[in-house]
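Just below is one structure, and these are the notes that go with it.
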Amino acid sequence: MTSPVSLSPAQAAARLAEFTVIDVRAPGEYASGHVPGALNIPLDRLSEAVPALKSAAARGPLLMVCASGVRSTRACDILAAADVDAATLSGGTSAWESEGRDLDHPAGARATWPMERQVRLAAGSLVVAGLLAGVRFPAVRWISAGIGSGLVFSAVSNTCGMAAALSKLPYNRAPRSAAGLDDTLNALRS
């Protein structure tokens, strides 16, 4: 499998009107600010969207976006396995915003931390808690070992079970006023 085409924010901005932009972050992350015109399909729901994305790709190029480029590259790999071409935004919305480009902020949306930051907080907290509780109850140190092993697996496999679990929390969901996945898929098909 070849690496997906990676576009810099400047390259993507120059061609933004050509693309169907898909943001693969959790709905809460998407709602806290996204590339203008981006539609939200969380990475963990991407397989459901492949037929609609094939339809959209037949009409024009797809640009996959996330916070840093890791999840969007994974999304491109998933799509490539389904014979759907897509490019990724190098550096994600973080790079887009750091170059001074605007993000859309839906009305009523509250800011959430990027998923990588949430994972670091959760993993670090569990490791410290396991070590501290392990002073009194030595078996609890296995929590720290389990989290450390999970982080190694996450790095090797380029997946993250903790991120998948955290994305289900209420603050990572889209605001009630936001379009749901079915609405997004219908828009992609038409």
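Which residues, counting only those in segment 117-138, are surrounded by 17 or more Cβ atoms within 10 Å (Cβ to Cβ) and either among the β-branched types (Val, Ile, Thr) or within 16 Å of residue 71 (Cα to Cα) (or both)?
Those that are surrounded by 17 or more Cβ atoms within 10 Å (Cβ to Cβ) and either among the β-branched types (Val, Ile, Thr) or within 16 Å of residue 71 (Cα to Cα) (or both): 118, 119, 127.
Only one of 93, 112, 88, 73 is of a type in the set (S, T, N, Q) and either assigned to a loop (DSSP other than H, G, I, E, B) or open to solvent by 50 Å² or more (accessible area, probe 1.4 Å) (or both); which?
Of the residues listed, the single one that is of a type in the set (S, T, N, Q) and either assigned to a loop (DSSP other than H, G, I, E, B) or open to solvent by 50 Å² or more (accessible area, probe 1.4 Å) (or both) is 112.
Quick one: which residue in 45, 59 is open to solvent by 60 Å² or more (accessible area, probe 1.4 Å) and within 22 Å of residue 168 (Cβ to Cβ)?
45
Can you pull out every residue in segment 139-157 that is without any contact (Cβ under 8 Å) to a residue 12 or more places away in the chain and either open to solvent by 50 Å² or more (accessible area, probe 1.4 Å) or not in a helix (DSSP H, G or I) (or both)?
Listed by number, the residues that qualify are 139, 141, 149, 152, 153, 155, 156.
The values are calculated or read from the model by the stated rules, or taken from the named source; none is laboratory data. Nothing here was measured: the structure is a model prediction, and the numbers come from that model. No Cβ is skipped: glycine too gets one built from the backbone with ideal geometry, and neighbour counts run over all protein chains shown. SASA here: full protein model, heavy atoms, side chains in, ligands and nucleic acids out. Shrake-Rupley method; radii C 1.70, N 1.55, O 1.52, S 1.80 Å.
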